[in-house]
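Following: one structure in structure tokens, then a few remarks.
The values are calculated or read from the model by the stated rules, or taken from the named source; none is laboratory data. Keep in mind that what you see is a predicted model, and the values were worked out from it rather than measured. Heads up, the Cβs are rebuilt from the backbone with ideal geometry, glycines too, and the neighbour counts pull from every protein chain shown. All accessible areas refer to the heavy atoms of the entire protein, side chains included, with ligands and DNA or RNA removed. Shrake-Rupley method; radii C 1.70, N 1.55, O 1.52, S 1.80 Å.
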Amino acid sequence: MRFFFIATLLFLTALSAQAQFLKSGNIRIYANAMVSSQLNAEMARQYGITRSASRALLHVVVREGTPGKDKTLPATITAVAIRKNGERSNINMQLTKEGQDVYYLGELNIAKNEAVNFEILTQVGQQKPMRMTFMQEFFSQ
């Protein structure tokens, strides 16, 4: 099920926008955001995600090691959505576990065809925090 969930998120992200990527040493952070109505109902129910054209889903995963032989890492994830008018909204990132893999999901309300800037701060253990920013436009019917 884990591979299905991650593969679905990556596929849907490819349809709406490219996943963001940050590398520091042997650690890579991947983040993407999408309109939550793009998830199928069963997957949304399983992960407690609200499916709606007015909700966005932020997905963050931290990986360490050589791609293909890497593993996910637990981390402290702090995420903020910054609206066009400058309003900042904290995103509550929830740890999700599938076997030994961990990833983080957060939801936020969005307006139709809204562009949101994301600011994500990731800290793995005692290492220096890593900062990632990206902009995502959410197109919905």
> Stretch S52-Q94 to full length: gain in nm at 0.36 nm per residue minus the Cα-Cα span?
Replying inline: 13.3 nm
> Cα to Cα, under 13 Å, and not fewer than 8 places away if on the same chain: which aspartates and glutamates meet these conditions relative to K112?
Replying inline: E137
>> I need the per residue convex hull volume for the chain, using only the alpha carbons, in cubic angstrom as a whole number.
In response: 103 Å³
>> Restricting the calculation to Cα positions, tell me the Rg (one decimal) and the Dmax (whole number) of region 66-108 in Å.
In response: 14.0, 43
> Once a ≥ b ≥ c are taken as the square roots of the eigenvalues of the Cα gyration tensor of region 74-141, is the result rounded (a/c under 1.5), prolate (a/b larger than b/c) or oblate (a/b not larger than b/c)?
Replying inline: oblate
> trypsin sites (Lys or Arg not before Pro), restricted to region 59-94: which are DSSP loop and have at most 16 other Cβ atoms within 10 Å?
Replying inline: K69, R83, K84
> So, with a 1.4 angstrom probe, what is the percent of accessible area on the chain that is carbon and sulfur?
Replying inline: 50 percent
>> Rolling a 1.4 Å sphere over the protein heavy atoms, what is the accessible area per residue of the chain, to the nearest Å²?
In response: 56 Å²
> What net charge do the residues around R45 carry, taking every other residue with its C-beta under 15 Å from that of R45, with Lys and Arg at +1 and Asp and Glu at -1?
Replying inline: 0
>> Tell me which of S89, V124, A19 sits at the most positive position along the dipole axis of the chain, charges placed on C-beta atoms (Lys, Arg +1; Asp, Glu -1).
In response: V124
>> I want to verify a result. In a Gaussian network model of the chain, Cα cutoff 10 Å, which of these has the top mean-square fluctuation: Y30, Y104, Y47?
In response: Y47
